Amino acid sequence: MCLRNMCDDDVSCPAYPQASCRMNYCGHCSAEFVFPNGTIADCGKQDVTLKQRSVQCEDKNNTMYICSSSLCKGQTCARNPKATCRVPPFSCDCAVEFYDEDGNKVDCLTECQRKRKDLETGPLLVGAYKPSCDEDGTYSPVQCHGSTGYCWCAFSDGTEWPGTRVRGQPDCTENKRPSIRSVHVRLSFDAKFDNIKDSLGDFKTVLVDHLKGRFGIHPKQVKNLKVSSGSIIVEFELFKHEEGRDIRNVSSQLRDMVS
């Protein structure tokens, strides 16, 4: 339900003055502009004069914008690849936002990206180690501490390869990468065990299906799945499988999701 009609705020689309404003109630409340034939106009990032300003912008002109939905094109959320990109109807900077399947706003920064951002925006810490991140948000294979000159090989979750820390560039070739046979996963759900105790089989089936759809885990990768009380405690082992994802990457994504 929308609390107000945003078209009542005397908004306009300077790029297409002939277009008229109408509310879009699908998914989220927003104003959009349409031509007489019903085609939606792409107003782009245009200045908008508002009689009622619900957002106070920091720029000197106190300007808000109508932001184009095309800003979501090519945008992805590393922390939750299935999250949906949305553009706020009125914004000071037209920054995109991501929402999960339940409509909750998602923080798309991974652990690696969050640590970098905290160091870049927080108090200056002399000699602090700043991690290197790949494009997908995971830790880069080579990590270096600028103050000490030491570098080392790392897994995608940031764990250091034993015995690889050296001054200069380490040898992180794949054939020297430590072999990971399995990863133990333990999850705690904020729910009552009594709610599922009579249908544990169905709960396990739904959980495995969710792991497959959300994280690309092959069902044969999940073994020794146990569900116990104490809220709802789920434990299982992730194993390698030729049709499944790399278990180290999956465990890193799971940790980012619950942290």
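The values are calculated or read from the model by the stated rules, or taken from the named source; none is laboratory data. Everything numeric in this text was worked out from a predicted model, so none of it was measured. With ideal geometry, Cβ positions are generated from the backbone for all residues, glycine too; neighbour counts draw on all protein chains shown.
Return the residue satisfying two criteria in turn: it lies in segment 177-211 and is in contact (Cβ under 8 Å) with a residue 40 or more places away in the chain and assigned to a loop (DSSP other than H, G, I, E, B), and of such residues it is surrounded by the most Cβ atoms within 10 Å (Cβ to Cβ). Of everything passing the filter in segment 177-211, Ile180 is surrounded by the most Cβ atoms within 10 Å (Cβ to Cβ).
When Gly163 is tested against (1) closer than 19 Å to Asp246 by Cβ; (2) not assigned by the TED database to the domain that holds Phe239, just one condition goes unmet, and that condition is (1). Per the listing Leu187, Leu225, Leu254, Leu200, the residue uniquely within 23 Å of Thr110 (Cα to Cα) and at pLDDT 85 or above is Leu187.
Only one residue in Gln143, Gln221 is surrounded by 15 or more Cβ atoms within 10 Å (Cβ to Cβ) and within 25 Å of Arg114 (Cα to Cα), so which one is that?
Gln143
Taking the residues in segment 124-155 that are hydrophobic (A, V, I, L, M, F, W, C) and assigned to a strand (DSSP E or B) as candidates, determine which candidate is nearest to Arg248 (Cα to Cα).
Quick first cut of segment 124-155, residues hydrophobic (A, V, I, L, M, F, W, C) only: 124-126, 128, 133, 142, 144, 151-155.
Next, from what is left, pick out any that are assigned to a strand (DSSP E or B): 133, 142, 144, 151-154.
On the way: Cys133: 16, Val142: 16, Cys144: 21, Cys151: 21, Trp152: 18, Cys153: 14, Ala154: 11 Å.
Step by step, filter segment 124-155, then rank; the result is Ala154.
Looking only at residues in segment 1-52 that are in a helix (DSSP H, G or I) and not acidic (Asp, Glu), the one that is modelled with the lowest pLDDT is Met6. Screening Gly158 with (1) surrounded by fewer than 16 Cβ atoms within 10 Å (Cβ to Cβ); (2) assigned by the TED database to the domain that holds Lys130 gives one miss only, at (1).
Only one entry in Val206, Val183 is under 30 Å from Thr76 (Cβ atoms), out of contact with any Lys or Arg (no Cβ under 8 Å at 6 or more places or on another chain) and not aromatic (Phe, Trp, Tyr), namely Val206.
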